[in-house]
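**Student:** Please read through the structure below; I'll follow up with questions.
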Amino acid sequence: MRQLPLPAKLVISVFLIAVGIGYFSALVQLHMQHSGRNGEPMPTPWDVIEKFSGLKPHDGQVAKSKIEGIVSGPKDGAFDKNNMAPAFFGKSGKVYEKDCTTRGQDKVDAEREGERQTLIAWINADPDERKTAYEKDDFKIPDTLSGRPITEEFADKATGTAKIKSIIEERCVRCHGGDKKPDLDEYPKLLPLISVPKVEILENKYLGDKWVRTNRQLSVEGLTQSTHAHLLSFSVLFALTGLTFAFTSYPAFVRCILGPIVLLATVADIACWWLARLDEIGPVFALAIMGTGATAGLGLAAQIILSLFNMYGIRGKIVLWLLFAAAIAGFGLLASKVILPALREEESAAKKAIEAANKKEPAKADDGEAKKDNPANGGDKKAQDEGDKKKDKDAGVEEGEKKKDKKEDVKPEGEKATKAEAEGEKKDKKADVKPEGEKKATKAEAEGEKKDKKAGVKQIDKPIPLSKDD
């Protein structure tokens with residue numbers, strides 16, 4: 001390689017550097033497509049298993065339909081196939097910007113949030129009711145959402161209904177209609193995407209724990225396209241980088257190992273994409289993708305760096321060191337100004353989404369209790385009537401006691417005046433009560449006094465003699 005003319009060296013050097021930059025951009029794409037978008041720079045093992053095997057650890061959460069899942073994301077998050085929430089807000093067109101300017105963003109966002117929550121409520125409604133509401137473009141807004149603001153053109157306040165079909169056409173079909181897949185302009189086409197998948201808890205003998213199927217798995221169509229693109233493009237690129245390294249002056253065994261390793265790792269990586277779809281052992285191959293991908297990436301970096309330094313003498317190596325130093329400085333600036341803030345924003349959005357989901361569950365439970373206790377919502381009317389009667393009874397008893405106390409407090413003036421006399425009489429009566437022995441001792445005296453009185457009365461009735469002769 002060192003014997004090549006300088007122009008050839010420069011062409012090869014620029015080619016190798018361009019491949020390196022391109023592979024770095026592929027890492028960014030890897031983050032966008034396969035990571036959980038929760039602040040992690042690269043996909044975690046669970047992200048890889050979910051993407052290629054269609055499984056994730058069972059967390060006990062209620063399953064969601066495809067559309068509910070993608071519209072429930074952060075409204076300020078990335079607008080992609082995993083998050084369509086911005087379609088209700090900033091990505092809904094110029095009307096949104098105009099309304100925010102004239103009426104205020106907070107008010108407009110509250111109405112758009114009302115649209116989104118109404119759509120989610122419609123998705124979770126009874127299937128027959130859901131279909132009828134779509135066909136008539138007339139969905140009864142549930143009590144849990146009553147009073148929530150919603151865009152005026154989609155709501156009828158008099159009947160408490162929303163134009164659900166119109167909401168879907170404006171927020172979804174505007175992009176997903178005709179050639180843009182998936183097509184959402186008819187109810188039969190919507191049905192698979194609004195149906196909640198059946199939760200099937202699986203046990204994997206290789207990984208243990210409990211797993212559930214997820215709708216984030218790559219489709220066969222998408223995997224076919226990706227396989228086609230990767231094998232054709234990467235095989236050419238990695239063959240050229242491998243040949244470049246093969247013509248260096250490093251030991252033969254090093255060139256024999258490092259030269260073809262990137263191509264071999266790429267083929268193994270793509271094979272694992274398909275093997276990861278197998279039952280039971282599939283997740284094991286999904287984890288192997290991380291190993292094959294890392295091998296390809298590190299092998300490519302080694303091929304580029306070692307080939308560049310092998311082509312030049314001391315002056316060329318100094319230039320390369322300066323270029324690498326500038327690249328590291330540029331990457332540091334890019335990381336501090338763009339990459340890290342973007343990751344922090346993703347992490348913040350993910351936390352807000354989790355907090356919002358946690359707040360919704362208790363609210364639903366409270367609404368359910370309110371419905372149960374409220375007769376207007378078909379609750380237990382008898383229990384409430386009994387409770388009302390008990391309250392009335394308690395109120396009557398309390399009122400009676402108050403009246404009684406009031407009557408006792410209000411007394412006639414004469415009664416007030418003789419109160420002291422009455423107390424005095426009570427004391428006199430108590431004083432007249434004598435001991436039993438004293439009562440017996442005076443009984444005879446009392447009887448004697450009575451006889452004397454009778455005798456005196458008799459004497460008074462007879463004429464009183466004046467002398468013996470009379």
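The values are calculated or read from the model by the stated rules, or taken from the named source; none is laboratory data. Keep in mind that this is a model prediction, so the values were computed, not measured. Neighbour counts are summed over all protein chains in view; Cβ atoms, including those assigned to glycine, are modelled from backbone coordinates with ideal geometry.
**Student:** For segment 121-154, which positions are in contact (Cβ under 8 Å) with a residue 40 or more places away in the chain and either of a type in the set (Gly, Ala, Ser) or assigned to a loop (DSSP other than H, G, I, E, B) (or both)?
**Tutor:** Residues satisfying the conditions are Asn124, Pro149, Thr151.
**Student:** Would you mind stating whether Pro74 is farther than 26 Å from Phe234 by Cα and in contact with a strand residue (DSSP E or B) (Cβ under 8 Å, 6 or more places away or on another chain)?
**Tutor:** Here the answer is yes, as Pro74 does meet what is asked.
**Student:** Let me ask you something else. Within segment 1-29, restricting attention to residues that are of a type outside the set (Val, Ile, Thr) and within 40 Å of the chain's Cα centre (by Cα), which residue is surrounded by the most Cβ atoms within 10 Å (Cβ to Cβ)?
**Tutor:** Tyr23
**Student:** Given the condition modelled with pLDDT of 90 or more, within 24 Å of the chain's Cα centre (by Cα) and β-branched (Val, Ile, Thr), answer yes or no: does some residue in segment 182-195 qualify?
**Tutor:** no
**Student:** Please state which of the following conditions Leu287 fails to meet, knowing it meets all the rest: (1) in contact with a Pro (Cβ under 7 Å, 6 or more places away or on another chain); (2) closer than 24 Å to Ala239 by Cα.
**Tutor:** Among (1) in contact with a Pro (Cβ under 7 Å, 6 or more places away or on another chain); (2) closer than 24 Å to Ala239 by Cα, the lone unmet condition for Leu287 is (2).
**Student:** Restricting to segment 112-145, what's the tally of residues that are within 20 Å of the chain's Cα centre (by Cα) and of a type in the set (Ser, Thr, Tyr)?
**Tutor:** 2
**Student:** So Met32 passes all but one of these: (1) surrounded by 15 or more Cβ atoms within 10 Å (Cβ to Cβ); (2) within 23 Å of the chain's Cα centre (by Cα); (3) without any contact (Cβ under 8 Å) to a residue 60 or more places away in the chain. Which condition number does it fail?
**Tutor:** (1)
**Student:** I've got another one for you. Is segment 262-270 home to any residue that is in contact (Cβ under 8 Å) with a residue 40 or more places away in the chain, within 42 Å of the chain's Cα centre (by Cα) and in a helix (DSSP H, G or I)?
**Tutor:** Yes, segment 262-270 contains at least one residue that is in contact (Cβ under 8 Å) with a residue 40 or more places away in the chain, within 42 Å of the chain's Cα centre (by Cα) and in a helix (DSSP H, G or I).
**Student:** What residue, of Glu221, Glu200, is assigned to a loop (DSSP other than H, G, I, E, B) and either surrounded by 13 or more Cβ atoms within 10 Å (Cβ to Cβ) or not small (Gly, Ala, Ser) (or both)?
**Tutor:** One residue alone meets the criteria, Glu200.
**Student:** Tally up the residues in segment 57-75 that are at pLDDT 80 or above, in a loop (DSSP other than H, G, I, E, B) and either farther than 16 Å from Leu191 by Cβ or β-branched (Val, Ile, Thr) (or both), please.
**Tutor:** Count: 4.
**Student:** Okay, next question. Step by step: first the residues of segment 203-218, then only those that are of a type in the set (Lys, Arg) and surrounded by 13 or more Cβ atoms within 10 Å (Cβ to Cβ), then the one that is modelled with the lowest pLDDT. Which residue is that?
**Tutor:** If we take residues in segment 203-218 being of a type in the set (Lys, Arg) and surrounded by 13 or more Cβ atoms within 10 Å (Cβ to Cβ), then Arg216 is modelled with the lowest pLDDT.
**Student:** Sort out which residues of segment 156-195 are of a type outside the set (Lys, Arg), touching a residue at least 24 places away in the same chain (Cβ under 8 Å), in contact with a helix residue (DSSP H, G or I) (Cβ under 8 Å, 6 or more places away or on another chain) and not in a helix (DSSP H, G or I), and write them in order of number.
**Tutor:** Result: Ala162, Cys175.
**Student:** For segment 77-120, give me each residue that is assigned to a loop (DSSP other than H, G, I, E, B) and over 25 Å from Gly147 (Cβ atoms).
**Tutor:** Those that are assigned to a loop (DSSP other than H, G, I, E, B) and over 25 Å from Gly147 (Cβ atoms): Gly77, Ala78, Phe79, Lys81, Asn82, Met84, Gly90, Lys91, Gly93.
**Student:** Okay, moving on. Would it be correct to say that Leu278 is more than 30 Å from Met311 (Cβ to Cβ) and free of Cβ contacts under 8 Å to residues at least 40 places away in the same chain?
**Tutor:** Spelling it out, Leu278 is indeed more than 30 Å from Met311 (Cβ to Cβ) and free of Cβ contacts under 8 Å to residues at least 40 places away in the same chain.
**Student:** Then there is this: What residue, of Lys75, Lys66, is on the phi < 0 side of the Ramachandran plot, in contact with a helix residue (DSSP H, G or I) (Cβ under 6 Å, 6 or more places away or on another chain), in contact (Cβ under 8 Å) with a residue 60 or more places away in the chain and surrounded by 15 or more Cβ atoms within 10 Å (Cβ to Cβ)?
**Tutor:** Lys66
**Student:** Exactly one condition in (1) part of a helix (DSSP H, G or I); (2) buried (at least 17 other Cβ atoms within 10 Å of the Cβ) is false for Thr248; which is it?
**Tutor:** Evaluating Thr248 over (1) part of a helix (DSSP H, G or I); (2) buried (at least 17 other Cβ atoms within 10 Å of the Cβ) leaves (1) as the failure.
**Student:** Considering only residues of segment 35-56 that are part of a helix (DSSP H, G or I) and of a type in the set (A, V, I, L, M, F, W, C), which is surrounded by the most Cβ atoms within 10 Å (Cβ to Cβ)?
**Tutor:** Among residues in segment 35-56 that are part of a helix (DSSP H, G or I) and of a type in the set (A, V, I, L, M, F, W, C), the one surrounded by the most Cβ atoms within 10 Å (Cβ to Cβ) is Ile49.
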